[in-house]
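What follows is a short report on a single structure.
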Amino acid sequence: MDIKQLDQEYIVPTYARFPICLKEGKGSCVTDDTGKTYIDLGTGIAVNGFGVADEEWIAAVTEQLGKIQHTSNLYYNEPCAKLAEQLCLRTGMKKVFFSNSGAEANECAIKTARKYGELHKGAEYTTIITLKDGFHGRTITTLAATGQEVFHKDFLPLTDGFVYAEANNLADVERLASEFPCCAVMFEVVQGEGGVRPLSAEFLSGLEKLAHQKELLLIADEVQTGNGRTGKLYGYMNYGIQPDIVTTAKGLGGGLPIGATMLGEKVSTVLGAGMHGSTFGGNPVCCAGALNILSRIDEVLLAGVQMRSNYIFDTLTNAPGIKSVTGLGLMIGIECEKPAAEVIDACRERGVLVIKAKHKVRLLPALNIKMEELKQAIEIIKEACAV
Ligand SMILES: *Cc1c(COP(=O)(O)O)cnc(C)c1O
C-alpha cells in the first residue's frame, strides 16, 4: 500500500490533503516521495519560519534532546524559564504560560480574561468580543471564539459568552460592549484563515481607546502573525498598540509544537497555583528550539522580511489575472480571477507550494527564503494566475 492509501485507510478524514507526500528538504526547497522538488511558500502553515532542516535549529534541539527530553511541570527546567524571559524582554509582557498549540494558547487567554472580569468588574463580566471572519482554534471554546458559522454548525452547543463584531467596524464593537457584560476583545491583526485581511490602523487604535474606556482587555491572537511573520516580532508592533494578552504558537517552535500566552501587567497575577496546567507545556526540547528561533528574529532578519514582502507586493499587484494582494510582511493573500484551487494546483505542478485562505491563494514563505528561490516562485505564481 502506498502512503496515500494507508493514510486514507487509517486517518480520520478531516483534512483535504494535496496529493503529494513530503519527505525531506533544505531551507525553502522540499522534496516529495517521488523525488520531485518544490519551492515551499507555505512552511507548514507559517510554522517552519527558517525553512526545513535548518542546521542551527537542529543543533539547538538535538543538544537538548541529548540531555533531557521532558520534565513535566513538577520541576523547573532551563529552556522553559529562559524562553519566558526572552519573550517578556522582547515584548514588555510580564508572565508567560506555555502550552502546545495555538488553540491552547487562546484557551489560556480566555480563562485569564474571564477570571480578570470576575475579579475586577463583577461575576457576570465574562463575555468576550471577537471579530467576524476571525479564527482562534478548533477546541469547543476556541471554536466559539471563532466568528465563522461554518466552523460551528456541526458541534453545538459551544461554550457560551462570545459575541461577534464586524472587523474594522468600531461602532459595532462599541454596541456589543454596551449590550453585553464584557471582559475582553480578542482579534488577529491580520485575519489569516479569514482571508489574509489586515485590520486597519484606525480600527486598532480606536479599539485600544475603547478598551481603556470600557475596561476591556485587549487580546492579540498572534498565533499566525507572530514571530517575525509580519515584519515585526509580533504583528501588533506594526500598529503601536499594547495588548494585555498576546498568544502565539505556529512559528515560535520552528517546527516543534509550542504555544505561549503572554500576560501583561494588568493580568499578570490573575492565574495562581492549580488554576491552569499542561503536561507537555514548557517542554525543554520545544523551548530550546524556540529559544534558537527567537534569538534569530532580529532587526536584520525583520528588514529582510520587509524587503521580501515589498518584492512580492510590487511584482504581483496589478499583474494579469490578479485582483488584489493583501497582507502584511510575509503573510500574503492573493485574490485571483481564476479559482484559488486551480492556481494552487497549477503552482504545485510547476514546483511551487502555496496554500489557501478562503477564496485566496495564501503565501507564508520562510522568513529567510533565498531571493532567487522567491523570485523563481513568484514568477511561477504570476504565470499560474494569468488568464
Ligand atoms: C492556526 C491558528 C490557531 C490555532 O492554532 P493550532 O495550533 O492549530 O491550535 C489559532 N489562531 C490563529 C490566528 C491561527 O492562525
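Report yes if Met93 is at pLDDT below 95 and more than 25 Å from Lys375 (Cα to Cα), otherwise no.
So Met93 fails the test.
When you look at Ala46, is it open to solvent by less than 50 Å² (accessible area, probe 1.4 Å), within 16 Å of the ligand (Cβ to nearest atom) and at pLDDT 95 or above, yes or no?
yes
Can you tell me which residues in region 11-60 are in contact (Cβ under 8 Å) with a residue 40 or more places away in the chain, on the phi > 0 side of the Ramachandran plot and of a type outside the set (A, V, I, L, M)?
Gly27, Thr43, Gly44, Gly51
Checking the structure you have, find out if any residue of region 317-324 is more than 14 Å from Ala386 (Cα to Cα) and of a type in the set (A, V, I, L, M, F, W, C).
Looking through region 317-324, none of the residues is more than 14 Å from Ala386 (Cα to Cα) and of a type in the set (A, V, I, L, M, F, W, C).
With region 97-179 as the region, which helices (runs of 4 or more DSSP H) entirely inside it contain at least 2 residues that are away from the ligand (no atom under 13 Å from the Cβ), out of contact with any Phe, Trp or Tyr (no Cβ under 8 Å at 6 or more places or on another chain) and farther than 30 Å from Gly289 by Cβ?
Once the helices (runs of 4 or more DSSP H) in region 97-179 are filtered for at least 2 residues that are away from the ligand (no atom under 13 Å from the Cβ), out of contact with any Phe, Trp or Tyr (no Cβ under 8 Å at 6 or more places or on another chain) and farther than 30 Å from Gly289 by Cβ, what remains is 102-120, 149-152, 170-179.
Lys266 - would you say it is among the basic types (Lys, Arg), surrounded by fewer than 17 Cβ atoms within 10 Å (Cβ to Cβ), closer than 29 Å to Glu379 by Cα and over 18 Å from the mean Cα position of the chain (by Cα)?
So Lys266 fails the test.
For the list (1) farther than 30 Å from Gly351 by Cα; (2) open to solvent by less than 10 Å² (accessible area, probe 1.4 Å); (3) touching a Lys or Arg at 6+ places or on another chain (Cβ under 8 Å), I need the number of the one condition that Leu83 fails.
Condition (3) is where Leu83 drops out.
Those residues that are surrounded by 15 or more Cβ atoms within 10 Å (Cβ to Cβ) and of a type in the set (A, V, I, L, M, F, W, C), I need them from region 59-73; list them, please.
Listed by number, the residues that qualify are Ala60, Val61.
Within region 245-291, work out how many residues are touching a helix residue (DSSP H, G or I) at 6+ places or on another chain (Cβ under 6 Å), part of a loop (DSSP other than H, G, I, E, B) and within 13 Å of the ligand (Cβ to nearest atom).
Adding up the residues that qualify gives 2.
For region 358-378, enumerate the residues that are assigned to a helix (DSSP H, G or I) and touching a residue at least 12 places away in the same chain (Cβ under 8 Å).
Met371, Glu373, Leu374, Lys375, Gln376, Ala377, Ile378
The values are calculated or read from the model by the stated rules, or taken from the named source; none is laboratory data. Worth saying up front: this structure is predicted, and the values here are computed from it rather than measured. No Cβ is skipped: glycine too gets one built from the backbone with ideal geometry, and neighbour counts run over all protein chains shown. Surface accessibility is based on the protein's heavy atoms, side chains included, excluding ligands, DNA and RNA. Shrake-Rupley method; radii C 1.70, N 1.55, O 1.52, S 1.80 Å.
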